[in-house]
Amino acid sequence: MDTQITLAVLAEYGVQGVQANEPMARHTTWRIGGPSDLFFRPTSVIELQNVLRAAMRLEIPVIVMGRGSNLLVLDGGIRGLVIQLHDTFAQWTLTEGCLITQSGRSLVSVANIAIREGMAGLEFATGIPGSVGGAVMMNAGAHGGEVKDVLLWADVLEFDGTLHRMTPEELQFDYRSSVLKDHPAVVASVAFALHPGNSQEMTARVRQWAQRRSATQPLSQPNCGSVFRNPPGAHAAALIEQAGLKGLIYGGAQISEKHSNFIVNLGTATAKDVLWLMRYAQKTVHDRFDIQLETEVRIIGESELALGR
C-alpha cells in the first residue's frame, strides 16, 4: 500500500483526518500493539459511511474498534485501515425510558448517565470497560446482567455503507457473543430500554461493586479485562490459580497477582509476551483439569515473525 496515494484518494472521497502509521499501543487498554497503516476516528454516521464506502472501493482491509479493551493488537501492527469509534462518536439522548447513544461512548458513561437520570437497568455495566458498540458485539455482562437484557435495538452499518436496524433476536445474543462477532458490520447507535429507579439506591449498590473490583482486580495496571471466558460450571480465574499460575511473569507481562483471569502489562510487555501467557495458561489448565479455556480477547494484526523481523 502506497500510504500517501491512498490518503489522497480517501480525501477525494471526502474522508479527511486519516492518520498514517499510528501506534496502536496508544489506543488499547493493554498499551500494546504495533502501528496501523491507516487510522481514522469519524465524528458522524455520514463520515463513517463515507470511509467505509471508500475503503470498499479501494479494497482496503478495514478493522473497527471501540475503546481498546478486550483487544490485543499484535506487535507487527495492522495492514489496512483501523476505524475507531471513540469520544468523537458519543452523542446520547434520553426519551420515554429509552436511552439512545452512539456506539463510541463508553459503556460505563452510559450506565452512569442512566443512574443519574433515575433510570434503572444498566447498573451491571458500571464496571465494564470499553465502548457501547463493543459491548453489544460481545454481549458484555456482569453482576447477573447482560447487554441483551436491556437492548431495544441497534443501528448497524454494513461495510458497503448500508444502515439497518437490528432487534435482539436478529443479533442472536449468546454468552459473550452475538452475530456481529463474526460479521463485517459496525454498530452505529444503540437504544437501551430502561425503567424508573432510585438514583441513591443504585449509586450505593454500584459503589459496593466498585470497592469489590478495586480489592480484587488490577485496576492500576494496563490490562484488557477478563482474558478467558468462564467454562460451564467453573471459573477461569480459579482454574488458573489452582494450576499454580497466579503471578507468573513472561517478558513484560504477568498473570495478575490480584486476579488470575487478568494479564497485566508491567510496563514493557509486547503482544508476544501476552500471547505466551495466554497459551501457557490454556495448555496447563487443559493438561491438569481437561478443560479448554476460551479467550474473550479479540486478537488482530500481524506478528513480527510474519513480517520477517
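General remarks:
- Some residue of the range 42-61 being among the hydrophobic types (A, V, I, L, M, F, W, C) and assigned to a strand (DSSP E or B): no
- Residue among VAL264, VAL274 that is in contact (Cβ under 8 Å) with a residue 40 or more places away in the chain, not acidic (Asp, Glu) and not in a helix (DSSP H, G or I): VAL264
- Restricting attention to the range 75-103, the residues that are touching a Gly at 6+ places or on another chain (Cβ under 8 Å), in a loop (DSSP other than H, G, I, E, B) and either touching a residue at least 40 places away in the same chain (Cβ under 8 Å) or charged (D, E, K, R) (or both) total 6.
- Among the residues of the range 285-303, just one is outside any helix (DSSP H, G or I), of a type in the set (D, E, K, R) and farther than 30 Å from VAL62 by Cβ, namely ASP290.
- Residue selection: ASN230 fails the criterion of being polar (S, T, N, Q) and surrounded by 20 or more Cβ atoms within 10 Å (Cβ to Cβ).
- When restricted to residues that are in contact (Cβ under 8 Å) with a residue 40 or more places away in the chain, assigned to a loop (DSSP other than H, G, I, E, B) and under 21 Å from the mean Cα position of the chain (by Cα), the range 194-233 contains 11.
- Residue selected from the range 10-30 under the condition of a type in the set (A, V, I, L, M, F, W, C) and surrounded by 15 or more Cβ atoms within 10 Å (Cβ to Cβ), by the criterion farthest from the chain's Cα centre (by Cα): LEU10
- Some residue of the range 111-125 being of a type in the set (S, T, N, Q), assigned to a helix (DSSP H, G or I), at pLDDT 95 or above and under 20 Å from the mean Cα position of the chain (by Cα): yes
- Residue-level analysis places LEU152 outside the set of residues that are in a strand (DSSP E or B), touching a strand residue (DSSP E or B) at 6+ places or on another chain (Cβ under 8 Å) and within 17 Å of ILE83 (Cβ to Cβ).
- Tally, over the range 234-258, of residues that are in a loop (DSSP other than H, G, I, E, B) and not small (Gly, Ala, Ser): 6
The values are calculated or read from the model by the stated rules, or taken from the named source; none is laboratory data. Quantities reported herein were computed from a predicted structural model and do not represent experimental measurements. When we count neighbours, we look across all protein chains shown, and the Cβ atoms used for this are built from the backbone with ideal geometry, even at glycine.
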